[in-house]
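The values are calculated or read from the model by the stated rules, or taken from the named source; none is laboratory data. Keep in mind that what you see is a predicted model, and the values were worked out from it rather than measured. Here the Cβ positions follow ideal geometry from the backbone for every residue, glycine too, while neighbour counts run over all protein chains shown. Note: accessible area is taken over every heavy atom of the protein model, side chains too, but ligands, DNA and RNA are not part of it. Shrake-Rupley method; radii C 1.70, N 1.55, O 1.52, S 1.80 Å.
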Amino acid sequence: MKIAVLIRVYDRIEDLKYNLQIISDTWKENEYYIIVVSNGKNKGYEIPSESLPLIDKLVILEENAGHRKGNSQLLMEGIKYIPKEYDYTLILEADTWVYTDTIHTKYAHLLSQSQYAVWASADWYDKSYGLATDFALIKSDYIRNNPKLFDFELFPECHISNFLRDNKGNYIWISENMPVHVPSYIKYKYPYVPNIKEGRFYVFPKSKTATHHIEFLKGGMQQKKEYFNILADCDYFADAKVSNKAWKRFKMRFWIGLTKCFIKKSWFRKKIYIEIPNQ
């Protein structure tokens, strides 16, 4: 299948460099067109020269729309460069690393078999509707026909769910990237949740995905590389070799899976849509 990959980046330039290497080395099942959109140039965040050969289309924005609108700005600009012949578009954060593209192929096929589903990503919240935007696969025609899809400021996950509801779009959950969060009543440390205030997992063994913000890891980029090697079950990063990968991967799956037993609000009431005030 032909999949356009839209990667957005502000300051996570080192993450982007490794992400592009991973894509080039391990995504082999489909044909990809790599679009990178950056809005960090005016703050000194330059795309490294060694990454340029791995990018099909580089879009440099001279101005940054700011914290509230920056993410939307990157997506809105990037979608202008999706080639017409590419039926699917994968939106990807620069710090979201995925080993191999098996998950992409699976959900592209599921979308192709559905008349109504146009979007595939993880369920973001427990009590309300929200769809992950760090890794999401979308039918390109839906993006072309709905250019306001990425026109948001705050709460992008809620915006996407609301937009699909209001514009004849259904979705498929990428279950391999779930659950995303621990319940909000978990106030202290929890394994593989490096920032308990966010309450978010950053490793997903079933999809072989690592999406850490390295500032939350004591070991920084080196620790992220080690996690990725565990998920990949190989020493992809030779400078971050890890022993006992199977055991460490089991622990990830155990602690993430255990949260499915924790009491959740969705057990007692239906999910709700969060209506976002005009932004």
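Using a simple charge model, +1 on the beta-carbon of Lys and Arg, -1 on the beta-carbon of Asp and Glu, nothing else, what dipole does the chain show about its Cα centre, in debye to the nearest 20?
It comes to approximately 1300 debye.
Rounded to a whole number, what % of the accessible area of the stretch 157-204 do carbon and sulfur atoms account for, probe 1.4 Å?
Values: 1330 of 2420 Å².
Answer for the stretch 157-204: carbon and sulfur cover 55 percent of the accessible area.
What net charge do the residues around Val98 carry, taking every other residue with its C-beta under 13 Å from that of Val98, with Lys and Arg at +1 and Asp and Glu at -1? Don't jump to the answer; show the numbers that get you there.
Working: positive: Lys28, Lys106, Lys206, Lys208; negative: Asp15, Asp25, Glu29, Glu93, Asp95, Asp101, Asp134, Glu176.
Overall, the nearby charge balance is -4.
Quick one: among His159, His213, His109, which has the greatest mean-square fluctuation in a GNM of the chain with alpha-carbon springs under 10 angstrom?
Taking springs between Cα atoms under 10 Å, the residue moving most is His109.
Report, in deg cm²/dmol and to the nearest 500, the calculated mean residue ellipticity at 222 nm for the chain, where each DSSP H run with n ≥ 4 adds -39500 (n - 2.57) and the sum is divided by the residue count.
-8500 deg cm²/dmol
Within a Cβ distance under 11 Å of Val180, other residues only, what is the Lys/Arg minus Asp/Glu net charge?
Net of charged neighbours comes to -4.
If you average 1/r over every pair of different alpha-carbon atoms in the stretch 98-157 and take one over that average, what Kirkwood value in Å do you get?
Working: mean 1/r = 0.0777 Å⁻¹.
When all Cα pairs of the stretch 98-157 are included, the Kirkwood radius is 12.9 Å.
With a/c under 1.5 counting as rounded, go ahead and sort the stretch 1-84 into rounded, prolate or oblate using the C-alpha gyration tensor (a ≥ b ≥ c being the square roots of the eigenvalues; past the cut-off, prolate if a/b is larger than b/c, else oblate).
Verdict is oblate for the stretch 1-84.
Accessible area of Met76, 1.4 Å probe, to the nearest 10 Å²?
Spelled out: Met76, probe radius 1.4 Å, area about 60 Å².
At 1.4 Å probe size, with the rest of the protein present, what percent of the exposed accessible area of the stretch 61-101 is carbon and sulfur atoms? Provide the component values of the computation, followed by the final result.
Working: 860 of 1790 Å².
Heavy-atom surface of the stretch 61-101 belonging to carbon and sulfur, 1.4 Å probe: 48 percent.
On average, how much accessible surface per residue is there in the chain, in Å², for a 1.4 Å probe, leaving out ligands, DNA and RNA?
Result: 49 Å² per residue.
Can you tell which of Glu226, Glu85, Glu157 shows the greatest fluctuation in a Gaussian network model of the chain with Cα springs below 10 Å?
Residue with maximal mean-square fluctuation among Glu226, Glu85, Glu157: Glu85.
For the stretch 1-155, rounded, prolate or oblate, judged on the Cα gyration tensor with a ≥ b ≥ c (square roots of eigenvalues), a/c < 1.5 rounded, else prolate if a/b > b/c? Numbers along the way, then the final one.
Details: a/c = 1.58, a/b = 1.19, b/c = 1.33.
Oblate, since a/c reaches 1.5 and b/c is not below a/b.
Which trypsin sites (Lys or Arg not before Pro) in the stretch 3-100 sit in a loop by DSSP (not H, G, I, E or B) and have at most 14 other Cβ atoms within 10 Å of their own Cβ?
Here the sparse-neighbourhood loop sites are Lys28, Arg68, Lys84.
Running a GNM on the chain with Cα contacts under 10 Å, which residue among Tyr129, Tyr116, Tyr202 ends up with the highest mean-square fluctuation?
Between Tyr129, Tyr116, Tyr202, it is Tyr116 that shows the largest mean-square fluctuation.
Of all DSSP beta bridges in the stretch 112-258, what percent run antiparallel (nearest 5)?
65 percent
Give me the number: length gained by fully extending Ile274 to Trp255, i.e. 0.36 nm times residue separation minus the C-alpha to C-alpha distance, one decimal in nm.
That works out to 3.9 nm of additional length.
Evaluated at 10 °C with a viscosity of 1.306 mPa s, what Stokes-Einstein diffusion coefficient in µm²/s does the stretch 137-176 have when Rh comes from the Kirkwood expression over alpha-carbon pairs?
Working: Rh = 10.9 Å.
The Stokes-Einstein estimate is 146 µm²/s.
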